[in-house]
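S.K.: To start, I am sharing the structure in question, which I have written as structure tokens.
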Amino acid sequence: MEYNFSEIEAQVQAFWREHDVYKVTENPNRPPFYVLDMFPYPSGAGLHVGHPLGYIASDIFSRYKRSKGFSVLHPMGYDAFGLPAEQYAIQTGQHPEVTTEINIKRYREQLEKIGFSYDWSREVRTSDPAYYKWTQWVFARLFESYYDTKSNSARPIESLVAHFEEHGSEGIHAYTHTPCSFSREEWLAYTPQEKSDVLMNYRLAYLGESVVNWCAELGTVLANDEVSEGVSIRGGHPVEQRKMKQWCLRVSAYAERLLTSLETLEWTDALKEMQRNWIGRSEGAEVDFEVEGTHTRFTVFTTRPDTIYGVSFMVLAPESDLVREITTPEQKAAVEEYLAATKRKTERERIADRRVTGVFSGAYARNPLTGAVIPIWISDYVLAGYGTGAIMAVPAHDTRDFAFARHFGLPITQVVLPNGEEPSETDSWEDAKASKEGTLINSGILNGLSVADAIKTMNSHIEKEGLGKVKVNYRLRDAIFSRQRYWGEPFPIYYKEGIPTLVADDQLPLKLPEVDAFLPTETGEPPLGRAANWHTPEGYPYELSTMPGFAGSSAYYLRYMDPHNDHALVGEEANRYWRHVDLYIGGTEHATGHLIYSRFWNKFLFDLGVVCEDEPFRKLVNQGMIQGRSNFVYRIKNSNTFVSLGKKDEYDTTEIHVDVNIVHNDKLDLEAFRAWRPEYNTAEFITEEDGSYQCGWAVEKMSKSMYNVVNPDDIIASYGADTLRLYEMFLGPLEQSKPWDTKGIDGVHRFLKKLFGLFYKGEDLAVTDTAPTPEELKSLHKLIRKVGQDIEQFSFNTSVSAFMICVGDLQHLKTSSRAILEPLLVVLSPFAPHITEYLYRALGNSGSIVDAEWPQFEEKYLVESVTKYPVSFNGKVRFTLEIAASATPQEVESAALSAPEAAKWLEGKQPKKVIVVPGRIVNIVL
Ligand code: ANZ
């Protein structure tokens with residue numbers, strides 16, 4: 001019987017479906033194991049062969065764990081809200097829900113063909129109201145909570161209100177960027193609006209003023225990576241920096257916890273380092289400066305308070321509220337002009353841009369230590385969102401301050417320690433030394449100290465004298481959580497007399513309303529402003545913006561644990577059973593966004609007691625990218641003639657991408673090419689001598705525009721899903737990026753045919769109950785050990801080679817023994833689930849191979865058994881030879897003749913005859 005993969009795969013998949021073999025339960029008799037893939041955004045283009053790489057790896061691991069006795073949760077779903085569907089809706093009028101539905105259907109079909117062991121009954125879609133009810137619910141809890149810096153956990157905002165009612169703001173320990181100070185009486189006298197404003201400074205989900213990239217044309221805020229050089233990447237519309245009220249999540253309150261518990265995770269060092277940098281912990285001090293001639297004070301953040309003697313000017317971020325307050329009338333015009341110019345740059349561009357720009361405010365500040373009067377400047381190298389948005393500039397010790405001072409001719413004051421020693425331990429000091437410009441001044445109370453000690457001394461001086469306070473700063477910002485978009489979760493918020501108020505939990509989900517167009521309103525309000533009746537029954541208007549893309553993905557792993565629970569995001573029982581994701585596989589592009597937000601949500605839900613573990617993803621593996629292998633044809637300029645690679649240098653040609661699907665092993669299918677595009681109907685070819693047209697090639701990103709996208713469906717049609725799965729793993733180490741190259745795919749496919757051939761001779765099943773030989777057992781057990789170790793180490797490519805070696809050995813040994821072949825199937829089944837299921841059942845097993853136990857590795861089969869041969873010369877035994885029992889008679893003969901003891905008896909003669917009695921004796925006749 002032939003290996004008819006398409007029939008086998010269809011039959012096996014139907015069997016899985018009918019018997020629900022991938023349905024998983026909270027089975028108390030089995031330990032739990034949770035394997036998760038980062039769920040896809042269902043784009044219109046469908047899956048290409050790069051997408052399933054991580055999914056195949058996680059599927060192998062899941063199946064392996066299941067055969068090791070675990071109850072394995074391995075779900076799949078869709079991150080279904082998002083911009084492309086909305087953009088498409090704007091262009092075509094097609095409701096995003098409709099396109100999303102179509103795309104999901106396509107994804108599901110493609111995924112099912114690959115034979116994943118997903119429990120589809122747990123599928124989630126973030127755009128499904130039954131799902132986003134819980135996204136809204138978490139938002140509501142965040143709105144109702146503040147962060148208690150004493151207990152280091154989230155607490156109900158009501159308890160803060162209770163405190164205000166008793167004691168005013170005195171004695172609270174609540175995390176905020178804007179501390180408020182009021183008495184009990186003041187609090188009680190506040191209007192509801194005033195109370196709401198105060199509480200907004202503490203809520204974990206709050207309406208806050210932040211600087212955003214505003215694109216008026218698109219009517220929305222854009223993320224930094226959606227903007228380049230002052231215009232939107234999509235459409236090229238102007239983008240400006242604008243302060244706007246946005247919903248924000250107070251992620252920064254969790255910065256320290258997000259940092260410290262990284263240590264407990266099995267993530268790669270590179271990934272942890274990315275998160276550490278993103279969180280960006282920095283120890284320093286906040287120091288207060290006074291604006292000369294006023295009582296206005298402002299605070300700077302510095303990591304080098306020891307350099308305070310050398311401050312020669314101050315710099316404010318352009319967005320700072322202080323700018324308008326202190327700018328003198330003479331400088332007003334220049335400052336306005338500068339502010340307008342900086343509005344066009346995103347923050348990221350400001351950080352990257354090393355050009356010095358700035359403007360003098362006209363005002364001065366007084367150095368609290370030296371009393372020196374120094375100018376206050378405004379420049380965009382100071383960022384509004386970091387520290388306090390104001391700095392003390394020490395050009396002798398800081399490179400950017402130095403560049404600024406040089407550019408504007410400001411004084412450079414170098415601090416030296418009177419004992420002549422120079423501070424070490426920082427680069428900026430090195431930079432400063434290199435400058436050798438400026439005046440050297442005495443460093444006052446820091447005389448003779450090292451930098452580290454000088455910092456400590458200055459910190460305590462600052463605190464003692466009330467000049468400021470020691471402060472740890474984090475680069476991690478609060479997340480801006482609103483988008484002026486249609487296709488996202490509505491906020492469970494309405495405005496009661498202007499006060500943001502939660503929609504009651506029992507009214508959730510608050511469903512996305514219908515609109516007549518997916519565009520902002522004429523007055524510039526978000527698309528939800530077009531919805532009729534978008535208000536509460538009492539007539540209070542609902543929030544018009546929607547949640548961003550990362551809202552729905554922040555807790556999706558919890559929902560899979562208990563996807564149909566109508567009463568809780570996740571029920572206690574389900575959560576206590578599964579606890580956390582044991583293995584998470586996905587791309588590095590989520591290293592900071594999603595992986596910070598979901599850790600934050602999880603920690604918050606942990607504080608609430610909704611989940612029992614403080615970290616969501618125990619082990620995380622990043623799969624590499626599969627790149628495309630593009631092909632080119634060469635068109636002779638101004639003609640419709642195409643010349644093959646080997647001859648192209650003889651002509652003046654243009655290189656053109658050609659669809660890789662009409663190229664096989666770099667040879668162009670000429671007919672398919674003519675049919676590809678109308679303009680090539682009449683194409684002529686100059687081929688190689690053998691008549692073939694050879695294409696050029698290059699490795700590029702896999703993308704539709706380069707015609708190098710390979711659809712897994714096509715591979716499955718030609719080779720089957722098992723070949724696709726094995727081949728994707730065979731391409732190389734999981735974590736590495738590698739080009740898709742089908743050169744080796746035939747080899748992998750032949751391997752499966754060979755495997756099939758071990759089971760069938762002609763039409764008949766050729767498996768017997770004969771006892772296995774030691775060689776067969778050795779080959780099998782080598783494989784069991786190797787594959788088990790490989791899977792545990794995510795080294796799937798090496799397993800594929802091991803399978804090939806083993807099947808080659810067994811073919812050579814003409815193995816037919818069930819005792820070998822059945823365990824072989826089990827070990828191969830995580831990689832090639834269809835063929836193995838089919839053969840396993842052909843062997844007479846009634847259940848599914850997914851329930852078969854992983855074979856036990858036994859060391860004893862690997863120990864070489866040896867045979868002792870007496871070696872006789874002309875009938876007289878002269879010595880004994882120890883040789884592997886598996887040695888052939890020829891091998892025994894040559895081992896006997898080349899043994900060191902043999903030389904003495906051979907006396908240099910050629911033996912007339914050598915008789916080997918296998919397993920018994922060697923007789924050499926001279
Ligand atoms: C004086 C000084 C002297 C500084 C010196 C550094 C070296 P990290 O380590 O990243 O926390 N800074 C503070 N707020 C800023 C802002 N909003 N935008 C741009 N720069 C800002 O950096 C902290 C240092 O960066 C602070 O310490 C401040 O400059 C600057 F020899 O103060 B330093």
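S.K.: Fewest first, what order do C180, C806 take by the number of other Cβ atoms within 10 Å?
M.R.: C180, C806
S.K.: What does the charge count around V709 come to, taking other residues whose C-beta lies under 13 Å from its C-beta (Lys +1, Arg +1, Asp -1, Glu -1)?
M.R.: Net local charge, V709 excluded: -1.
S.K.: What do the square roots of 5 times the Cα gyration tensor eigenvalues come to for region 639-761, in whole Å, largest first, as semi-axes of the equivalent ellipsoid?
M.R.: Each semi-axis is the square root of five times an eigenvalue, giving 32, 17, 14 Å.
S.K.: Principal axis lengths of region 196-312 from Cα atoms, whole Å, largest first?
M.R.: Principal-axis extents of region 196-312 (Cα, largest first): 52, 50, 36 Å.
S.K.: Let me ask something additional. What ranking of Y869, Y132 emerges when the number of other C-beta atoms within 10 Å of each C-beta is taken as an exposure proxy, fewest first?
M.R.: Placing the least packed residue first, the sequence is Y869, Y132.
S.K.: Mind computing the radius of gyration and Dmax over the alpha-carbon atoms of region 626-700? Å is fine for both.
M.R.: Looking at region 626-700, its Cα Rg and Dmax stand at 11.6, 36 Å.
S.K.: Computed over the Cα atoms, what is the radius of gyration of region 720-859 divided by 2.2 N^0.38 Å, N being its residue count?
M.R.: For region 720-859, the normalised Cα radius of gyration comes out at 1.02.
S.K.: Take K904, K667 and order them by how many other Cβ atoms sit within 10 Å, fewest up front.
M.R.: K904, K667
S.K.: I would also like to ask the following. Compactness ratio of region 749-788: Cα Rg over 2.2 N^0.38 Å, N = residue count?
M.R.: So the Cα radius of gyration is 1.39 times the expected 2.2 N^0.38 Å.
S.K.: Restricting to the chain, what percent of DSSP beta bridges are antiparallel, rounded to 5?
M.R.: 75 percent
S.K.: Would you mind putting 183-193, 684-694 in packing order, based on average other-beta-carbon counts within 10 Å, highest first?
M.R.: Descending packing order for the listed peptides: 684-694, 183-193.
S.K.: Limiting things to C-alpha atoms, what are the Rg and the maximum Cα-Cα separation (Dmax) for the chain, in angstroms?
M.R.: 35.8, 121
S.K.: Now for a separate question. Report, by chain and number, residues whose modeled amide H sits under 5 Å from the one on S228, excluding near sequence neighbours (fewer than 5 apart, same chain).
M.R.: Here I233 satisfy the definition.
S.K.: Across 5 Å bins from 0, what is the distribution of all Cα-Cα pair distances for region 452-513, in whole percents?
M.R.: Histogramming region 452-513 at 5 Å steps yields 4, 12, 12, 13, 10, 6, 6, 7, 8, 11, 9, 3, 0 percent.
S.K.: What ranking, highest mean first, results for peptides 718-726, 477-485, 455-463 when packing means the other Cβ atoms within 10 Å averaged over each residue?
M.R.: Averaged packing, sorted descending, gives the order 718-726, 477-485, 455-463.
S.K.: For each pair in K272/K456; K782/K814; K245/K603; K133/K496, compute the distance between the two Cα atoms and list the pairs where it is over 20 Å.
M.R.: Correct reply: K272/K456; K245/K603; K133/K496.
S.K.: Still on this model: Mean residue ellipticity at 222 nm from the helices of the chain, using -39,500 (n - 2.57) per DSSP H segment of n ≥ 4 over the full residue count, to the nearest 500 deg cm²/dmol?
M.R.: -10000 deg cm²/dmol
S.K.: List the extent of the Cα atoms of region 866-925 along each of their three principal axes, largest first, rounded to whole Å.
M.R.: The Cα atoms of region 866-925 stretch 29, 19, 18 Å along their principal axes.
Each reported figure results from applying straightforward, stated rules to the coordinates on display, with no laboratory input. Model, not experiment: these values are computed from the prediction. Note that each Cβ is placed from the backbone with ideal geometry, even for glycine, and that neighbours are counted across all protein chains shown.
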